[in-house]
Each structure stands twice: as C-alpha cells, then as structure tokens.
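A.B. asks: Following this message is one structure expressed as structure tokens.
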Amino acid sequence: MKAFSILRTAAALFSMASAQAGAPPQLDLRGYGGDTGIITILHGGQASDPYFTLQALLLAHDNGLDMAAPAARFVDWLVPLQKPDGTFDRFCREGDHWKSCKTADADDSLLAMWLRLLQTMPAHVKASPALRRSQVASRAALAHLYQPSRGVYMVSPVYLHGLFMDNLEVWSLRVREAPGTRGGVPPEQLARAIHDTFWDPVNRRFLVSTQLEQRSQQAAFYPDHVAQLFPLMVDFPLLPAAADVHYRDWMRQHRSAWLAQGRTDYPWGIIAVLALRRQDTDTARCWLRHSVPMRHSARWAVTDEVAFQILDSQGVREASPAASCR
C-alpha cells in the first residue's frame, strides 16, 4: 500500500508538472499600473489610455500569452468609469488617484476592442451585471457610429469621418461575434465597404481617412505606412496581393524606417509580432536588437512590452551584432 501511495503521489506530481508545462506563459505587466487594475501606457507612467491597454491585452491573447488576470482586473476597474453614452475617457494620475483628463482619440476602435476583450472572458462577464450592461451600452454606442451612406464607422459623434485602421478594428470584432450581436452589419459587407471606401486604385494604397485633405499630405511612417500593413495584423482578406507578397513588399520598402522608429518614436513592437507570425524570424530578431535597449523607457509603450514578451515566450532572441538589420 505504501508503494502504491508513493507511485500515486509521483503520478500526481508528474501530471501537475505536465499541466504547468503546457500552460501558456503568463503576461507580466508589473510596473505598468498598480493593484487597482489600471494599466499605464508607460512603465511607471502617469497616464492610462484604454486604447493602448486594450490593444496590448488583445495582442497578448491573440499570440499565446495568458492575460486573463490583468484583463479581469482592468475591466473591473474601467467599467464603473464608462460614460453614460457608452464611451470612455483617458486618465491621468493626480497624487494617489486617477482621474479622467482627456476624451478618447477614437470611440469606434476603442469600443470595438472593449467588446472584443469582453468576448475573451465570458464567465467573468456572466458573473458581472455591470459588464453585461456595458456590453449592451457599448454595442449601442458603436452602432450609433455606423454611417450607412459609406457602410463604415465614424470616429465619434463629433468627428464624422472614418479611419481605415479603426474600421479594421471594428471588422475584427464583427468576424468574432455571434450573428445576432453584429448590429445588422455582416462582416463580409463591412469588409467590402472598407475596401471600397479606403482603397486608392490609382496609387495602389489604402487611404488612412475619408478626409479629402489627407490625399494631398505627404505620407509618413504613421499613419500612412503602418496603415498598409495593418490589414495583415487583423487577417483582413481584401488585400491588393497575396498576404506573403503584401508583407514582403512592405518590408522591402519600410523595414529600415520601422527598425529606426525607436530613435525618435515608439518602436512599434506589434510589427515584430506580425513578422514572427509571417515566419520572418530574422526581422523579429532585428527588432529585438534595435529596441530592447529602450525597454521600460519613455519610448517603450505597454504594447511594446507585450510584443517583447510574446517574442521571448517563443524563444526569439536578439540578432547577433554581425547580422544585417537594415
């Protein structure tokens, strides 16, 4: 009996070890907020923008990191601060407290990502009347931004133009929703409207906005060049070429400019995650070599931290000094 007990204990320990070995890596956002659930833009930062938090948490979720714990704390912190019209503000630290200090840049994309995040935690939402009410309010607020004449979503009730990348965020929500909760806009219909509204057949590029003045502005890395790559980040199907070709063309034109972004801006880690997804490990390794020295600095956003943890969890390491990273 004693031998059987020892064997049973050993088997249990082996089973536990196997389960732990198969568990997804935990997202670690220590330093990006506190025990309240808030997640800041920067390490030890004084500002929190729900857009960046939602982008970071969904990036982690979509790429194999377990973000359930920080996500649950965050939604419980944010939901009481949702405004009566269903939208959200940005927040600044004042002493030991956080207060609303700015309106959101774009209500459409933020609402879409909020609803997407709630999709990832059905049990938590089911147990929370506040989150269930938030789902209803957020869906109504997003539906209010739909512009039937174009078939796409406006930025907000104040800014009545549409943005390409924002609409891709809404489409990313729509393809994951049950048919009865899509606000009457099937994802296939929205995809076609996005393409027809933003594709510029003359210059063979996606426009970033429905604003006429942006057509004459000189293209910048953000938003113009990033916008061309964004469809691949959300698996949007209506591309000007096959996905691999589209990705390679973008890297051929903009890889060097992207890898240098951290010198004056944020390093755009979400593109490194896309490189890994496209099996372009060399490019992901080059991003690490260029960008890791600025980790937790004023030019390292929470999204970059999540990108770093995704690459690290999949064994991607910095390119050697001899590697060509241009």
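A.B. asks: Rounded, prolate or oblate: which fits the stretch 90-221, taking a ≥ b ≥ c as square roots of the Cα gyration tensor eigenvalues, rounded meaning a/c under 1.5, else prolate when a/b beats b/c?
C.D. replies: Note, shape of the stretch 90-221 comes out oblate.
A.B. asks: Take ALA47 and HIS296, extend 7 Å from each Cα along the Cα→Cβ direction, and tell me the distance between the two endpoints in nm.
C.D. replies: In this crude label model, ALA47 to HIS296 measures out at 2.2 nm.
A.B. asks: Rounded to the nearest 5, what % of the DSSP beta bridges within the chain are antiparallel ones?
C.D. replies: 95 percent
A.B. asks: If you stretched the chain out fully between VAL158 and ALA130, how much longer would it get, using 0.36 nm times the residue separation minus the C-alpha to C-alpha distance?
C.D. replies: Extending this stretch completely gives an extra 7.4 nm.
A.B. asks: What is the extension gain from GLN214 to ASP66, computed as 0.36 nm multiplied by their sequence separation minus the C-alpha to C-alpha distance, in nm to one decimal? List each step's numbers first, then the result.
C.D. replies: Details: separation 148, 0.36 × 148 = 53.28 nm, distance 3.92 nm.
Contour length minus Cα-Cα distance gives 49.4 nm.
A.B. asks: Please work out the average accessible area per residue across the chain, using the 1.4 Å probe convention, and give it in Å². Could you put the intermediate results ahead of the total?
C.D. replies: Numbers: 16170 Å² over 326 residues.
Normalised by residue count, the accessible surface of the chain is 50 Å².
A.B. asks: Would you mind getting me the FRET efficiency between CYS92 and ARG248? Use the beta-carbon distance for r and R0 = 51 Å, nearest 0.05.
C.D. replies: 0.75
A.B. asks: Calculate one ³J(HN,Hα) per residue across the stretch 107-112 by plugging θ = phi - 60° into the Karplus curve 6.51 cos²θ - 1.76 cosθ + 1.60, and present them in order as whole Hz with x for glycine and proline.
C.D. replies: 6, 5, 5, 5, 4, 4
A.B. asks: Rounded to the nearest percent, how much of the accessible area of the chain (1.4 Å probe, protein heavy atoms only) is carbon and sulfur?
C.D. replies: Result for the chain: 55 percent of the exposed heavy-atom area is carbon or sulfur.
A.B. asks: Would you mind working out the magnitude of the charge dipole of the chain relative to its Cα centre, with +1 at each Lys and Arg C-beta and -1 at each Asp and Glu C-beta, to the nearest 20 Debye?
C.D. replies: The dipole of the chain has a size of about 540 debye.
A.B. asks: Here is a further query. Need the C-alpha centroid separation for the stretch 213-281 versus the stretch 68-100, integer Å.
C.D. replies: 30 Å
A.B. asks: Once a ≥ b ≥ c are taken as the square roots of the eigenvalues of the Cα gyration tensor of the chain, is the result rounded (a/c under 1.5), prolate (a/b larger than b/c) or oblate (a/b not larger than b/c)?
C.D. replies: Because a/c hits 1.5 or more and a/b fails to exceed b/c, the chain counts as oblate.
A.B. asks: Quick check: residue separation of ALA260 and ASP35 times 0.36 nm, minus the Cα distance between them. What number comes out in nm?
C.D. replies: 77.5 nm
A.B. asks: Here is a follow-up. List the residues, sorted by chain then number, that are 5 or more residues from VAL152 or on another chain and whose placed amide H is less than 5 Å from its amide H.
C.D. replies: Counting only residues 5 or more places away or on other chains, the set is GLN147.
A.B. asks: How large is ³J(HN,Hα), in whole Hz, for each residue of the stretch 232-245 in order, when computed from phi with the Karplus curve 6.51 cos²θ - 1.76 cosθ + 1.60 and θ = phi - 60°, using x for Gly and Pro?
C.D. replies: For the stretch 232-245, the Karplus-derived couplings read 5, 5, 10, 6, 5, x, 8, 9, x, 8, 4, 4, 5, 5 Hz, x marking Gly and Pro.
A.B. asks: Residue by residue through the stretch 210-223, what is 3J(HN,Hα) from phi via Karplus (6.51 cos²θ - 1.76 cosθ + 1.60, θ = phi - 60°)? Round to whole Hz and write x for glycine and proline.
C.D. replies: 7, 5, 5, 5, 6, 5, 9, 7, 5, 5, 10, 4, 10, x
The values are calculated or read from the model by the stated rules, or taken from the named source; none is laboratory data. Bear in mind that the values here come from a model prediction, so they are computed numbers and not experimental data. Here the Cβ is made from the backbone with ideal geometry for all residues, glycine too, and neighbour counts use every protein chain on show. Accessible surface is based on the protein model in full, side chains and every heavy atom, while ligands, DNA and RNA are left aside. Shrake-Rupley method; radii C 1.70, N 1.55, O 1.52, S 1.80 Å.
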